[in-house]
Amino acid sequence: MLVVAICAMCGSLACAQESYVDISIDGELACRINQNFNRLETTKYLPDNVFLTEEQSGYWPGDTEGRTILGLVCDARASHRSPKYLAEIIRRIPAHLNAKGYFGTIYPGKMNEQQLSGNGWVLRGLCEYYQWCGDDSVLPIIKSIAHNLFVAGQGEYAKYPIDYAERKKMQSEGAESGNIATTIGNWMLSTDIGCVFIGMEGLIHAYDVVPDAEIKATIDELIARFLQIDVIAIKAQTHATLTACRGLMRYAEITGQQSLVAEAEKRWMLYKKYGMTENYANYNWFMRYDTWTEPCAIVDSYMLAIQLWLATGKSEYRDDAELIYYNALCHAQRYNGGFGCDKCPGNAIGSPLLAVSADEAHWCCTMRGGEGLGAAARYAYRLDINDLYVSFFHSGSICIVEDNRRFEMRQTADYPFGNNIRFVVDDNSRGITSLRLPIPHWMADVAINVNGKPLECTVENGFAIVARKFRRGDVVSLDFSLRTYLVPTLNAQNTQMGQNRAFYGPLMLGCENASDVRIPSADDITSAGFFTFGVAGSNARLTPLYHLMDSKVWSDGNYSKQILF
């Protein structure tokens, strides 16, 4: 299947192209993107403050700088809004590099995995920036980091310590920001177990921008070592593992090595079983259930699920991504636009409650939130020759231009809070012949109309196919209802037998400031109006975990919701 990549353009900084797809987002997603953008333009992230000493960074050189650039670029591309300070941050980078052209201390004969991880984020940020605006001034920086830090370590990646016994001490250590805990051989190792492979994903992105044989050989060595790791036995950091898997997916796309997609799928299934919380967020490490969530990993899981869907066509991955978006990513975004960490309900903490662990992880997750929200905009549609997939429902518009032929369409959606989604075609000289609309299992009573007339549609791989040579003025309307239902828990080790989770459509439901509500069956859930649901035989009220940056989701508000019933 030929899939044409979707590229969101952005104002004067966008590169001129003969063919492009331009996506504009409105509604709740636009609100989230702009609030995150606003947060990344506050004092903490200004050019005078974003470049940190190693001590200020917690010994993650380049991490804050790289993630900030990445977040600003992704927010700018998604919002069509020019960043105020990004150009100045880019201009100042060379002055903060060491004599070998990368961030941090030079360690002769040593490999510092936090340094590799942090510089990996610099590569990601600069590569996204270059692919967005084509600024050649960053190419020497990308090359110096790739060669003088990563390629210089060739031969050491095959020796990266992956033995359970060697790493056992660190399997009970670590905070919300990791630290170098020990040295084994030539490796300075972090409590964020496996974070060197975050750097690998940055190097893979660099290879896409400045390909050469030395970078490829280094990537191949890193991937070979990653695939040898038993992420469960070593209790790897879920963020590092998911980022590495996104790297596998990118490398598969670049090189055609489709076996890497299967490897990413295997680890995705392990993640869902041993690394995903009951509200589709993450445990910070595999099988360490008494820890906290990390929105960086939530972003990784969201993007990886989409990548797996794009690569395999399996609709369950698309559905996973939607559940992650509404119940984990949206829950973790705070009222100031940043992103914070939550507690992980279950046996390990002895509580069925979802609550705040850290108000805001301003040192990493706030910036990565920009990439996650940007991905929601970027992947809102998928173009496959003349078939246009609506990947997810978001109000806004899409414009496809190829050789002066155009397709333009507007979408109006209050999903999942309403029961109608409307598409209006403004131009189709491009020749789109089918519109494919997702019909996940939580939708019922589905009806599709074209220009007011009912249309019988084939549903294939989770999508209804509206086949038509669309004309200017065509209106496609999707009407539906959403089911209330119960679903068993994801993690049998960290939950009680017989516990369930409650849903309305893709929205997980919780009971605020309660801990002992029981829901015997889905029939006991009754609508009380305004997206509030009652429970038969009790005074309990269920509401979605989803919120649009509600200020009460903060530690000083004593916010909590029971989500295990």
Practice task
Output the number of residues of region 512-565 satisfying the condition of being in contact with a Ser or Thr (Cβ under 8 Å, 6 or more places away or on another chain), in a strand (DSSP E or B) and closer than 22 Å to Asp414 by Cα.
Solution key: 5
Handout entry: Test: residue in region 358-379 that is farther than 26 Å from Asn34 by Cα, crowded, with 17+ Cβ neighbours inside 10 Å and not basic (Lys, Arg)
Key = no
Practice task
Please identify the pairs in which a residue from region 326-344 that is farther than 13 Å from Thr293 by Cα has its Cβ atom under 9 Å from the Cβ atom of a residue that is part of a strand (DSSP E or B) and open to solvent by 10 Å² or more (accessible area, probe 1.4 Å), counting only partners at least 6 apart or on another chain.
Solution key: Tyr326/Pro544; Arg334/Val356
Practice task
Looking at (1) surrounded by fewer than 16 Cβ atoms within 10 Å (Cβ to Cβ); (2) modelled with pLDDT of 95 or more; (3) outside any loop (DSSP other than H, G, I, E, B), find the lone condition where Glu55 falls short.
Solution key: (3)
Handout entry: Search result, residues across region 497-520 that are among the polar types (S, T, N, Q) and modelled with pLDDT of 95 or more
Key = Gln499, Asn500
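Filtering region 423-442 down to residues that are assigned to a loop (DSSP other than H, G, I, E, B) and of a type in the set (A, V, I, L, M), which residue is most open to solvent (accessible area, probe 1.4 Å)? Can you show your working first?
Applying the first criterion (assigned to a loop (DSSP other than H, G, I, E, B)) to region 423-442 yields 429-433, 439-442.
So of that shortlist, the ones also of a type in the set (A, V, I, L, M) come out as 432, 439.
Working: Ile432: 1, Ile439: 34 Å².
Only one residue tops the list, namely Ile439.
Please find, among Tyr289, Tyr335, the residue that is in a loop (DSSP other than H, G, I, E, B) and in contact with a strand residue (DSSP E or B) (Cβ under 9 Å, 6 or more places away or on another chain).
Sole residue among the options that is in a loop (DSSP other than H, G, I, E, B) and in contact with a strand residue (DSSP E or B) (Cβ under 9 Å, 6 or more places away or on another chain): Tyr289.
Return yes or no: is Val487 in contact with a Cys (Cβ under 8 Å, 6 or more places away or on another chain), of a type in the set (A, V, I, L, M) and over 30 Å from Lys453 (Cα atoms)? Spell out how you get there, then give the answer.
On the way: in contact with a Cys (Cβ under 8 Å, 6 or more places away or on another chain): no; of a type in the set (A, V, I, L, M): yes; over 30 Å from Lys453 (Cα atoms): yes.
No: the conditions fail for Val487.
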Handout entry: Residue in region 103-111 that is within 17 Å of Val138 (Cβ to Cβ), in contact (Cβ under 8 Å) with a residue 12 or more places away in the chain and among the β-branched types (Val, Ile, Thr) present
Key = no
Exercise for the section: Would you mind stating whether Ser395 is among the small types (Gly, Ala, Ser), touching an Asp or Glu at 6+ places or on another chain (Cβ under 7 Å) and in contact (Cβ under 8 Å) with a residue 24 or more places away in the chain? Expected result: yes
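Matching residues to (1) under 30 Å from Leu383 (Cα atoms); (2) touching a residue at least 60 places away in the same chain (Cβ under 8 Å); (3) within 14 Å of the chain's Cα centre (by Cα); (4) surrounded by fewer than 24 Cβ atoms within 10 Å (Cβ to Cβ):
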{"site": "Glu253", "(1), (2), (3), (4)": "yes, no, no, yes"}
{"site": "Leu260", "(1), (2), (3), (4)": "yes, no, no, yes"}
{"site": "Lys266", "(1), (2), (3), (4)": "yes, no, no, yes"}
{"site": "Lys272", "(1), (2), (3), (4)": "yes, yes, no, yes"}
{"site": "Tyr283", "(1), (2), (3), (4)": "no, yes, no, no"}
{"site": "Ser315", "(1), (2), (3), (4)": "yes, yes, no, yes"}
{"site": "Ala348", "(1), (2), (3), (4)": "no, yes, no, yes"}
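State the number of residues belonging to region 179-227 that are in a helix (DSSP H, G or I) and either touching a residue at least 12 places away in the same chain (Cβ under 8 Å) or over 19 Å from Arg267 (Cβ atoms) (or both).
Initial filter on region 179-227 (in a helix (DSSP H, G or I)): 196-209, 213-226.
Now restrict to residues that are either touching a residue at least 12 places away in the same chain (Cβ under 8 Å) or over 19 Å from Arg267 (Cβ atoms) (or both): 196-209, 213-219, 221-226.
Summing the residues that are in a helix (DSSP H, G or I) and either touching a residue at least 12 places away in the same chain (Cβ under 8 Å) or over 19 Å from Arg267 (Cβ atoms) (or both) in region 179-227 gives 27.
The values are calculated or read from the model by the stated rules, or taken from the named source; none is laboratory data. Keep in mind the model is a prediction, meaning the values are calculated, not measured. Don't worry about glycine lacking a Cβ; one is built from the backbone with ideal geometry, like all the others, and counts go over all protein chains shown. Protein only, heavy atoms only, side chains kept; ligands, DNA and RNA dropped before computing areas. Shrake-Rupley method; radii C 1.70, N 1.55, O 1.52, S 1.80 Å.
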